[in-house]
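The next block holds one structure in the form of C-alpha cells; read it before the comments.
The values are calculated or read from the model by the stated rules, or taken from the named source; none is laboratory data. Since the model is a prediction, treat every value here as computed from it, not as a measurement. FYI the Cβ positions are ideal-geometry reconstructions off the backbone, even for glycines, and counts take in every protein chain you see. All accessible areas refer to the heavy atoms of the entire protein, side chains included, with ligands and DNA or RNA removed. Shrake-Rupley method; radii C 1.70, N 1.55, O 1.52, S 1.80 Å.
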Amino acid sequence: MVDTVRVYVNGVQVEVPRNAFVIDAVEKAGFRVPVLCYLEGLFEEATCRICVVLVNGRVVPSCRFPVSEEAKIVTEGDELTRYRRTNLELLLSTHRVKCWSCIRKSNCSLLEVSKQLGIEGLPVCSECPLIGDECLITKGEPCLGPLTVAGCSAECPRYGAPCVGCRGYLSDPRIWEDATVELYRKYRVDVKEIEATMKFFWSNLPERLREVVTKGGKP
Ligand code: SF4
Ligand code: SF4
C-alpha cells in the first residue's frame, strides 16, 4: 500500500505518494506549469526556476519541492508570472542567441517558454525551418530573420521569402554583431540591400544597429 498525502492544487483535491514532488501533484490535478530545465527522472535540479508555484503562500520550484499533508498549491497568478518572467529574462541575458545555426531550432523549449510568458528576446530564425545552406542568407538574400523578434513562425522564409522585419528588431547588440559576422558578412549579403530592407519597417532604426550591420562587426 503506497503511503499517500492529500494536497489541494488550485482548490482541486488530489492524493499523491508521500515522496512525490509538487509538480507531480499539479499534473495529477490536471494542471501544468512551464518548465525549462526539468526532465522527469533525468534532471530535477530546479536550476531555471521557471516552474515556480505557491505552496501555502510560499514561492517554490515545483519540480523539486516535496509535497506535504494538506498543502495548498497555487499554479497561476501575477506574482508567479513576474517571478517566471524575471527568471527567464535572466536566463536569456546569458544565453548566446545563435538560432540561425542551432540544431535545436524549431524544437526549442526556451522559445516555447518565452512565448508562454510573452518574453521577446529570440529571433525569427528560432522558428524558421530552414537549416544550413537552406537558409536564405547563404543564398545572398537580405533576410532580417536574425535581427527580428520571433512570434510569426517565420511566415515568410517558410515560403521562401526573406524576412523584412515587420515584427520589429531585437534590442540585444550581441545578436546584431553575431548575425552580421556569421551571416551577412560571411555570405557576402549586399549591405545596401540589408540597409534598404531594414528601413521598410524600422523607421526608428538605431544608428548602432545600422552601423553594426553595414560596417560588419563590433558596435
Ligand atoms: S532564412 Fe532567414 S529566418 Fe530562416 S534561418 Fe535563415 S536568416 Fe533565419
Ligand atoms: S517579415 Fe514579418 S511575418 Fe515575415 S518572417 Fe519577418 S517578422 Fe515574420
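Summary of computed values
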{"quantity": "Test: residue in region 174-183 that is aromatic (Phe, Trp, Tyr) and touching a Pro at 6+ places or on another chain (Cβ under 8 Å)", "calculated": "yes"}
{"quantity": "Residue 151, sole failed condition from (1) assigned to a loop (DSSP other than H, G, I, E, B); (2) modelled with pLDDT of 95 or more", "calculated": "(2)"}
{"quantity": "Total residues in region 160-194, condition open to solvent by less than 30 Å² (accessible area, probe 1.4 Å) and either within 15 Å of ligand 2 (Cβ to nearest atom) or part of a helix (DSSP H, G or I) (or both)", "calculated": "12"}
{"quantity": "Candidate set from region 47-72 (those that are touching a helix residue (DSSP H, G or I) at 6+ places or on another chain (Cβ under 6 Å) and touching a residue at least 60 places away in the same chain (Cβ under 8 Å)); member that is nearest to residue 109 (Cα to Cα)", "calculated": "50"}
{"quantity": "Meets criteria (within 16 Å of ligand 1 (Cβ to nearest atom) and in a helix (DSSP H, G or I)) for residue 146", "calculated": "yes"}
{"quantity": "Residue pairs meeting the criteria (Cβ under 6 Å; at least 6 apart or on separate chains; first within 15 Å of residue 93 (Cβ to Cβ), in region 112-125; second open to solvent by less than 20 Å² (accessible area, probe 1.4 Å) and charged (D, E, K, R))", "calculated": "117/84"}
{"quantity": "Checklist (1) within 15 Å of ligand 2 (Cβ to nearest atom); (2) surrounded by 15 or more Cβ atoms within 10 Å (Cβ to Cβ) applied to residue 138, failing item", "calculated": "(1)"}
{"quantity": "Single condition residue 207 does not satisfy, out of (1) open to solvent by less than 40 Å² (accessible area, probe 1.4 Å); (2) charged (D, E, K, R); (3) more than 9 Å from ligand 1 (Cβ to nearest atom)", "calculated": "(1)"}
{"quantity": "Any pair with Cβ under 7 angstrom, 6 or more apart, that starts in region 128-154 at a residue that is farther than 25 Å from residue 171 by Cβ and ends at one that is part of a helix (DSSP H, G or I)", "calculated": "129/158"}
{"quantity": "Hits in region 38-73 (condition: under 20 Å from residue 112 (Cα atoms) and either modelled with pLDDT of 95 or more or crowded, with 18+ Cβ neighbours inside 10 Å (or both))", "calculated": "38, 46, 48, 49, 50, 51, 52, 53, 61, 62, 63"}
